[in-house]
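Novice: Here you go, one structure.
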Amino acid sequence: MSRKWLSNFTLAGIIRLLMMNSEYQKIISDRVEVSTALNSWKRVTEGVYLHKFGIDPYEGDLFHETPIGLYVFNLMQEYLPQWALFLLFVVVDLTTALCLALTAKHYAIELATKRKKQKEKNEKLNKDIPSSSALYVSAAYLFNPYIILNCVGLTTTVFTNLLCSIALVSMTKRSVLWSCMPIALLTLQGLYPASLMVPATIYVASTAKSRKVSIITMLVTFTSILAALVAISYCIMGSWSFLWSTIGFILIVPDLRPNIGLYWYFFTEMFEHFRWLFIASFQINVGLLYIVPLALRLRRDPMLLAFSYLAIAAIFKSYPCIGDVGFYISLLPLWKHLFQHMQQGFIVGCFILFCTVFAPTVWHQWIYSRSANANFYFGVTLAFAIAQIFLLTDILFASVKYEFAVQYGINKKVNGNEAKLLLE
C-alpha cells in the first residue's frame, strides 16, 4: 500500500513539473476555463508590482486577491525563483491530496461506526463501506485533468483548494479552531465558502456535551477570526478599498469576460435596469437558497452536506474555474458505496467529457476562426453546468436510496437477477 501511495504522489508531481516547464504552460495559464479574474497569476504579478511602486492595486479592475494574499504573494515573488515557485505550487497541490486522503480515512471510519450501531440486516451493505476510499480520493485528485491544468496554469485556486481540504479534514477531527480558520480565510477571499460553517458546526456539535454551547463557540470563533483577518487586511492596505475589489467584485459581477460559469453571457444580454434584480436572484441562489433545506436533510451526513455546498458554489458562483469543479469531483470516491444506486453516471460522464473537449474547440472557432459566436461557447458552458447539476442530484438521490436500503434491508435480487431501486 505504501508503494502505491509513494508512486502516485511521485508520478503526479513529475507530471505537473514536466508540464510547467513545457511550452504548453503559458497556453494553459491563459485559458479562460483555467484562469479567471479572481485566480489569474498574471493579475497577481501585476498587483504585486503596483503595490511595490506605492500604487493601490485595488484601484481599477485588475487585482482581486485579499491584502493577506497580496502580502504572501509578494514574499513568494520576491524570494522564490521561477523553479522554486513551480515546485511550491506542486507541493501545495500534493499536500491538498494528502489532506483529502486523511479526510477520506476519517470519513470511512465514521461510516463504519455508524453501520455497526444500526445493526444492519443486509450483509451486502456492510461490504460496501469504503475502507479504501483514502487511496481513491487522493488518486482522483492527483490525476484529475482539471486539477493538473489548474496547478500547471499557476492559479491561486491551488491555495484555495488547500484551505478547503484543511477545513474538511479539520471537520472530521471536530477541531473548532482549525475548522474556523481556513473557512474564515476562504470567506474573506471568495465569500461562498462561508456555507461550510454549517457542516463544520454539525460535526463539532455531534460529539459535544452541550450542543448549544458548541454552536455558539463555533460562531464566536469564526466571527472573531474573520474580524481579525479583516482588521489585518486593513492594516496592510490602510484603507477599505479591498472590500469592494474582493467581496464586492464577487457580488456585483462587473467583469463579464467569458468563463465556464453562467453569469457572463446572461448579464451581457441583460437590460441594465433589470441588472440588480437578477444579480440578487443569482446570488441568493448560490449563497442562501440551498443552505437550510440541505442542512435539514443531510444533518446526519455533514460530509455529504459539505460536498453539496462545494458543488453548488462551483456551479453557480460568479467566476468559476475548472479547479473548483475538479476539487469536488475528486471527493466522489468518498461515496463509492452509493454508486450502485446512481442512475445517471454514464450520461454525466459523457456530458462532462464532451464539454471539456468542445469548450476550447468552440472558443477557437469564436475568437480566432470567427466561424462561431458567443452563443456556441455559452451553450457548452450551459451543458457543463447541467451535467454538474445532474451529478449532484444523482448522488443525493442515491444517498436517500441507500438510507432506505440500510433501514429496511432490501433484497436487490428479483427472480435471481440484480435489480435497481427507483424513486417514484
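The values are calculated or read from the model by the stated rules, or taken from the named source; none is laboratory data. Predicted model, so just to flag it, every value in this text is computed and none were measured. A quick note on method: Cβ atoms are made from the backbone with ideal geometry, for glycine too, and the neighbour counts reach across all protein chains shown. We work out accessible area using only protein heavy atoms, side chains counted, and drop any ligands, DNA or RNA first. Shrake-Rupley method; radii C 1.70, N 1.55, O 1.52, S 1.80 Å.
Novice: Within the range 186-195, does at least one residue satisfy the condition of being out of contact with any helix residue (DSSP H, G or I) (no Cβ under 7 Å at 6 or more places or on another chain), assigned to a helix (DSSP H, G or I) and open to solvent by 20 Å² or more (accessible area, probe 1.4 Å)?
Specialist: no
Novice: Could you give me the residue pairs with C-beta distances under 6 Å whose first residue belongs to the range 45-71 and is closer than 21 Å to A228 by Cβ, whose second residue is in a loop (DSSP other than H, G, I, E, B) wherever it lies, and which are 6+ apart or on separate chains?
Specialist: From the range 45-71, the pairs are T66/T246.
Novice: If you take the residues of the range 233-262 that are in contact with a Pro (Cβ under 7 Å, 6 or more places away or on another chain) and over 30 Å from T361 (Cβ atoms), which of them is surrounded by the most Cβ atoms within 10 Å (Cβ to Cβ)? Step through it out loud before you land on a result.
Specialist: Start the filter on the range 233-262 by keeping residues that are in contact with a Pro (Cβ under 7 Å, 6 or more places away or on another chain), which leaves 233, 236-237, 242, 259-261.
Next, only the ones that are over 30 Å from T361 (Cβ atoms) stay: 233, 236-237, 242.
Numbers: S233: 21, I236: 15, M237: 19, F242: 26.
Of everything passing the filter in the range 233-262, F242 is surrounded by the most Cβ atoms within 10 Å (Cβ to Cβ).
Novice: Still on this model: Of all the residues that make up the range 56-95, how many are in contact with a helix residue (DSSP H, G or I) (Cβ under 8 Å, 6 or more places away or on another chain), under 16 Å from Q189 (Cβ atoms) and open to solvent by 60 Å² or more (accessible area, probe 1.4 Å)?
Specialist: Selection size over the range 56-95: 1.
Novice: Considering (1) open to solvent by 30 Å² or more (accessible area, probe 1.4 Å); (2) over 23 Å from I147 (Cα atoms), say which one L163 fails and leave the rest.
Specialist: All conditions are met except number (2).
Novice: While we're looking at this one, here's another question. Determine which member of the set V362, V348, V380 is at pLDDT 90 or above, assigned to a helix (DSSP H, G or I) and touching an Asp or Glu at 6+ places or on another chain (Cβ under 8 Å).
Specialist: Numbers: V362 fails: touching an Asp or Glu at 6+ places or on another chain (Cβ under 8 Å); V380 fails: touching an Asp or Glu at 6+ places or on another chain (Cβ under 8 Å).
So the residue among V362, V348, V380 that is at pLDDT 90 or above, assigned to a helix (DSSP H, G or I) and touching an Asp or Glu at 6+ places or on another chain (Cβ under 8 Å) is V348.
Novice: When the range 1-25 is examined, which residues are found to be loosely packed, with under 15 Cβ neighbours inside 10 Å and in a helix (DSSP H, G or I)?
Specialist: Here is the first cut: in the range 1-25, the ones loosely packed, with under 15 Cβ neighbours inside 10 Å are 1-4, 6-7, 10-11, 14, 18, 21-24.
Across the range 1-25, the qualifying residues are S2, R3, K4, L6, S7, T10, L11, I14, L18, Y24.
Novice: Would you be able to tell me the number of residues in the range 211-232 that are under 17 Å from L188 (Cβ atoms) and either open to solvent by less than 70 Å² (accessible area, probe 1.4 Å) or among the basic types (K, R) (or both)? Give the steps one after another, and end with the answer.
Specialist: Of the residues in the range 211-232, the ones under 17 Å from L188 (Cβ atoms) are 219, 221-232.
With the extra rule that they be either open to solvent by less than 70 Å² (accessible area, probe 1.4 Å) or among the basic types (K, R) (or both), the set shrinks to 221-222, 224-231.
The total comes to 10.
Novice: I'm trying to understand the selection: among the residues of the range 26-55, which are crowded, with 16+ Cβ neighbours inside 10 Å and in a helix (DSSP H, G or I)?
Specialist: Selection gives I28, S29, W41, R43, V44, G47, V48, L50, H51.
Novice: Here are some conditions: (1) surrounded by 19 or more Cβ atoms within 10 Å (Cβ to Cβ); (2) touching a Lys or Arg at 6+ places or on another chain (Cβ under 8 Å). T207 meets all but one. Which one does it not meet?
Specialist: (1)
Novice: Name the residue that is farthest from A306 (Cα to Cα), counting only residues in the range 202-213 that are in a helix (DSSP H, G or I) and in contact (Cβ under 8 Å) with a residue 24 or more places away in the chain.
Specialist: Here is the first cut: in the range 202-213, the ones in a helix (DSSP H, G or I) are 202-206, 211-213.
So of that shortlist, the ones also in contact (Cβ under 8 Å) with a residue 24 or more places away in the chain come out as 202-204, 206.
Values: I202: 11, Y203: 11, V204: 14, S206: 15 Å.
Across the range 202-213, the extreme among qualifying residues is S206.
Novice: Is it the case that F358 is farther than 22 Å from A139 by Cα and open to solvent by 20 Å² or more (accessible area, probe 1.4 Å)?
Specialist: Working: farther than 22 Å from A139 by Cα: yes; open to solvent by 20 Å² or more (accessible area, probe 1.4 Å): yes.
Yes.
Novice: While we're here: Under 7 Å by Cβ, and 6 or more places apart or on different chains, what pairs join a residue from the range 72-89 that is in contact (Cβ under 8 Å) with a residue 24 or more places away in the chain with one that is among the aliphatic types (A, V, I, L, M) and open to solvent by 30 Å² or more (accessible area, probe 1.4 Å)?
Specialist: Correct list of pairs: F86/L17.
Novice: Now for a different question. Given the structure, is A208 modelled with pLDDT of 95 or more and either closer than 26 Å to A383 by Cβ or among the hydrophobic types (A, V, I, L, M, F, W, C) (or both)?
Specialist: In short, no.
Novice: If you scan the range 373-411, which residues turn out to be open to solvent by 20 Å² or more (accessible area, probe 1.4 Å) and among the small types (G, A, S)?
Specialist: Listed by number, the residues that qualify are A374, G379, A383, G409.
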